[in-house]
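Laboratory data are not the source of any read-out in this text; all were calculated from the coordinates shown. Computed from a predicted structure; not experimentally measured. Here the Cβ is made from the backbone with ideal geometry for all residues, glycine too, and neighbour counts use every protein chain on show.
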Amino acid sequence: MCGRFSQYNEQEEFEDRFQITDPGKVLFEPRYNIAPTQNVPVILIKEDNRVLKSMRWGLVPFWSKDTKIGSRMINARAETITEKASFKNPLKRKRCLVPASGFYEWKKNPNRTKVPMYLHLRSGEPFAFAGLWDEWKKPDGDKLFTFTIITTDPNELMKPIHNRMPVILPQKEESNWLDPELQDSSKLTPILIPYVSDLMEAYEVSPFVNIPGNDSPECIKPVK
């Protein structure tokens, strides 16, 4: 799964990397420990432009009776994404890029303790998770925008840490993922695969990151 990630590259670096033409009033603030139910910038296509929109992490389908379901839908499995009612429509029409600097996973030790690990690209560049979003109308008429991150099998780097990993899209596939004209799931699901291990790095970090309220560079500091 993917339950925590970071967004700490500079605003200009995110905008250049993802060719964002209209950031609007949405800004990338340095975030080192993003947790479910928190709002973060995601990338959508609007009139052929890549735009930023702030959304809450944890998908709330438009048909849901309340927002509680969102806390249980922070991830969507690539293998069953075409079967689940919550994800079928967003897969066709509401796909997004979730920009990230890195993400966390907790490795189980033989003594049953969990060690926090931080994973990122060796280049240090930001990247994008494959995401889905939806729009839910509140009783008062206001709209709530939420998203989920798609997960897949682990790559060789991830296997010793966890049995799932978030889908990191190759840069060449990002335009296809955002393309509103592309609605054939048979052309979308093949790109939801593990990222190349050799391009990534993993290292242990402090249990400091275990607490969602801790959001500072200390979260990504390697344990000596």
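Worth pointing out:
- Ranked by the mean number of other Cβ atoms within 10 Å of their residues, highest first, the peptides 139-145, 53-59 come out as 53-59, 139-145.
- Efficiency of FRET between residue 143 and residue 181 - r from beta-carbon atoms, R0 25 angstrom, step 0.05: 0.55
- Ranking 167, 146, 86 by how far each Cα lies toward the positive end of the dipole of the range 5-220 (charges on Cβ) leaves 86 at the top.
- Checking every one of the GluC sites (Glu not before Pro) in the range 46-83 against DSSP loop status and a limit of 16 other Cβ atoms within 10 Å picks out 47, 83.
- Label-point gap, in nm, between residue 25 and residue 77 - each point 7 angstrom along Cα→Cβ: 4.1
- Estimated at 0.36 nm per residue, the fully extended path between residue 125 and residue 39 surpasses their Cα-Cα distance by 28.8 nm.
- Rounded to whole numbers, the Karplus 3J(HN,Hα) couplings from phi for the range 26-31 are 8, 10, 8, 8, x, 10 Hz, using 6.51 cos²θ - 1.76 cosθ + 1.60 with θ = phi - 60°, and x at Gly and Pro.
- Here the spin labels are modelled as points 7 Å beyond Cα on the Cα-Cβ line, and at residue 109 and residue 54 they lie 3.9 nm apart.
- Amide N proximity, the range 129-161 versus residue 46 label position 7 Å along Cα-to-Cβ, cut-off under 19 Å: 131-138, 142-148
- Descending principal axes extents, the chain, alpha-carbon based, whole Å: 49, 37, 36
- What separates the Cα centres of the range 163-224 and the range 71-93 is a distance of 17 Å.
- Each Lys and Arg Cβ is given +1 and each Asp and Glu Cβ -1; about its Cα centre, the range 83-130 then shows a dipole of about 300 debye.
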